[in-house]
Amino acid sequence: MLRYLTAGESHGEALTIVVEGMPAHVPLPPEKVNFWLGQRMLGHGRGGRMKIEKDQVRITGGVRNGETLGGPVAMTIFNKDWANWERVMNAEKVDPKYLRSARISRPRPGHADLAGSLKYDLKDIRNVLERASARETASRTAAGAVALSLLSEFGVRFACHVVEIGGLRLKGAAPSFEQVASRAPKSPVRCVDGALSARMVRKIDISKSRGDSLGGSFEVRVKGLPPGLGSFVQWDRKLDGRLARALMSIQSVKAVEVGLGTGYASPFGSEVHDEILYRRGAYRHASNHAGGIEGGMTNGEEVVLRASMKPIPTLFKPLATVDMDTKKRLKARYERSDTCSVPAAAVIGLCVSAFEIADAFLEKFGGDSLGEVRRNHDAYLGYLKTR
Ligand code: EPS
């Protein structure tokens, strides 16, 4: 129902995003997209690039008078750093001396550099890293922000927080949705626990002083979804599978969990399955280990997703690699990078999750205008009351 494509290089002129399938009349002022782009730029541990950029979207299609028109929504985020790269990254013929000056032949361990260079026969690794760069996540954040505009019309709310950085982990009872929504944005590392935030900040500082990087985990929470989004009838319609794919495809993410996730591996079934209740005219669950998804469908409880990312592979004190020109063993090349971007990844995770959920939402309540989606949605909620 809903799909998007992104284009653009990290140091190219701009990032381009096209979102197709949004119904007409969804309010979409650019500030809504800019809010999430701004959130993505935050977090202790970000590098020099975030001091250069001030990510803002220009909506160039599909929106008029602050509302979607039903056609593809086209967005552009101009890279401020382009001013420093125009001679090197130009789409037109580039002076060989500039090409030489920016050329890279030593792939970074952990990055797309080696496999990408071999796969596309790109002799300059810059041609891999420019597109593989996590800069592309600004585009995905913008696409997710469009989805969030739709879902907010139906009272669906999203929150995200960081649960681990470099082995420092949030312990104890899980914070409520409201605690995550109110506390996480106030922390420099998007962590709900003030003391733990301070320790995470110190650990990031230590990592930076050593020329190293750190990974971690984040959680996305979604409140206000009715039961029945996604489907059990076919593997590729299962919502958990679709969310996992979206989260796993974020640069550096290596694991995704739903609800109790890997915690399901040890206990007895009787200890972890969420008992079903009927309260005030609706079905509920006594607990939410399933993370709001059973049989590939929302079950009416809060959706809880977690993802873990590896430490950023660009190291100021690089690991060993092989120069692809000489085949000599050398240190990998250093490119400006972040020390830790788990707080930013949490925002990106929220946005890509919102996109998948909006897609499933339109699959269920689809319509060409917001009014039509609302009629379908309200009729379904009315029907649920009869069950
Ligand atoms: C990023 C932009 C990049 C990096 C980072 C994320 O900009 P630059 O390469 O100019 O510093 O800061 O990307 C990576 C860490 C990576 O490995 O690609 C951004 O906009 O989020």
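The values are calculated or read from the model by the stated rules, or taken from the named source; none is laboratory data. Here the structure is a predicted model, which is why all the values come from computation and not from measurement. Don't worry about glycine lacking a Cβ; one is built from the backbone with ideal geometry, like all the others, and counts go over all protein chains shown. Keep in mind that these areas ignore ligands, DNA and RNA; they rest on the heavy atoms of the full protein, side chains included. Shrake-Rupley method; radii C 1.70, N 1.55, O 1.52, S 1.80 Å.
Across segment 1-28, the qualifying residues are those that are of a type in the set (Val, Ile, Thr) and touching a Phe, Trp or Tyr at 6+ places or on another chain (Cβ under 7 Å), and the one among them that is surrounded by the fewest Cβ atoms within 10 Å (Cβ to Cβ) is Val18. Contact map, segment 342-364: first residue under 16 Å from Val303 (Cα atoms) and open to solvent by 10 Å² or more (accessible area, probe 1.4 Å), second residue at pLDDT below 95 and outside any helix (DSSP H, G or I), Cβ cut-off under 8 Å, separation 6 or more or different chains; pairs are Asp359/Met1. Could you go through segment 281-288 and let me know if any residue there is under 27 Å from Thr68 (Cβ atoms), touching a strand residue (DSSP E or B) at 6+ places or on another chain (Cβ under 8 Å) and of a type in the set (S, T, N, Q). No: segment 281-288 contains no residue that is under 27 Å from Thr68 (Cβ atoms), touching a strand residue (DSSP E or B) at 6+ places or on another chain (Cβ under 8 Å) and of a type in the set (S, T, N, Q). Can Ala143 be described as under 21 Å from the mean Cα position of the chain (by Cα) and of a type in the set (Gly, Ala, Ser)? In short, yes. Among the residues of segment 152-176, those that are surrounded by fewer than 22 Cβ atoms within 10 Å (Cβ to Cβ), within 22 Å of Asp359 (Cβ to Cβ) and not hydroxyl-bearing (Ser, Thr, Tyr) comprise Glu153, Phe154, Gly155, Val156, Arg157. Do we find a residue being assigned to a strand (DSSP E or B) and over 21 Å from Lys238 (Cα atoms) anywhere in segment 342-350? No, every residue in segment 342-350 fails to be assigned to a strand (DSSP E or B) and over 21 Å from Lys238 (Cα atoms).
Conditions (1) touching a strand residue (DSSP E or B) at 6+ places or on another chain (Cβ under 9 Å); (2) farther than 22 Å from Gln251 by Cα; (3) of a type outside the set (Gly, Ala, Ser), marked per residue:
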residue: Asp55; (1), (2), (3): yes, no, yes
residue: Gly61; (1), (2), (3): yes, yes, no
residue: Gly71; (1), (2), (3): yes, yes, no
residue: Thr76; (1), (2), (3): yes, no, yes
residue: Ser101; (1), (2), (3): no, yes, no
residue: Asp113; (1), (2), (3): yes, no, yes
residue: Gly116; (1), (2), (3): no, no, no
residue: Ala132; (1), (2), (3): no, no, no
residue: Arg135; (1), (2), (3): yes, no, yes
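The residue that is farthest from the chain's Cα centre (by Cα), counting only those in segment 89-119 that are farther than 23 Å from Lys328 by Cβ and either touching a residue at least 60 places away in the same chain (Cβ under 8 Å) or open to solvent by 80 Å² or more (accessible area, probe 1.4 Å) (or both), is Lys97.
For (1) of a type outside the set (Lys, Arg); (2) within 14 Å of the chain's Cα centre (by Cα); (3) farther than 30 Å from Thr6 by Cα, each residue gets a yes or a no:
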{"residue": "Glu301", "(1), (2), (3)": "yes, no, yes"}
{"residue": "Ile312", "(1), (2), (3)": "yes, no, no"}
{"residue": "Leu315", "(1), (2), (3)": "yes, no, no"}
{"residue": "Thr326", "(1), (2), (3)": "yes, no, yes"}
{"residue": "Leu330", "(1), (2), (3)": "yes, no, yes"}
{"residue": "Phe355", "(1), (2), (3)": "yes, yes, no"}
{"residue": "Asn376", "(1), (2), (3)": "yes, no, yes"}
{"residue": "Leu384", "(1), (2), (3)": "yes, no, yes"}
{"residue": "Arg387", "(1), (2), (3)": "no, no, yes"}
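Only a single item in (1) within 16 Å of the ligand (Cβ to nearest atom); (2) without any contact (Cβ under 8 Å) to a residue 40 or more places away in the chain; (3) under 15 Å from Val146 (Cβ atoms) is not met by Gly38, and it is number (3).
Results for (1) surrounded by 20 or more Cβ atoms within 10 Å (Cβ to Cβ); (2) more than 11 Å from the ligand (Cβ to nearest atom), shown as yes or no for each residue.
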| position | (1), (2) |
| --- | --- |
| Pro30 | no, yes |
| Gly47 | no, no |
| Lys51 | no, no |
| Ile59 | yes, yes |
| Gly62 | yes, yes |
| Asn65 | no, yes |
| Val73 | yes, yes |
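Per this entry, Gly211 is counted among residues that are open to solvent by less than 70 Å² (accessible area, probe 1.4 Å), outside any helix (DSSP H, G or I) and under 30 Å from Ser337 (Cβ atoms). The residue pairs whose first member lies in segment 238-267 and is within 13 Å of Ile348 (Cα to Cα), whose second member is buried (at least 19 other Cβ atoms within 10 Å of the Cβ) and among the charged types (D, E, K, R), and whose beta carbons are closer than 6 Å, counting only pairs six or more residues apart or on different chains, are Leu243/Glu356; Ala246/Glu356.
Among the residues of segment 102-152, those that are under 30 Å from Gly70 (Cα atoms) and more than 11 Å from the ligand (Cβ to nearest atom) comprise Ala142, Ala143, Gly144, Ala145, Val146, Ala147, Leu148, Ser149, Leu150, Leu151, Ser152. Might you check whether a residue that is under 19 Å from the mean Cα position of the chain (by Cα), more than 16 Å from the ligand (Cβ to nearest atom) and of a type outside the set (S, T, N, Q) occurs anywhere in segment 7-19? Yes: segment 7-19 contains one or more residues that are under 19 Å from the mean Cα position of the chain (by Cα), more than 16 Å from the ligand (Cβ to nearest atom) and of a type outside the set (S, T, N, Q). Looking across Ser217, Ser207, one residue alone is in contact with an Asp or Glu (Cβ under 8 Å, 6 or more places away or on another chain), of a type in the set (Gly, Ala, Ser) and under 18 Å from Leu168 (Cα atoms). It is Ser217.
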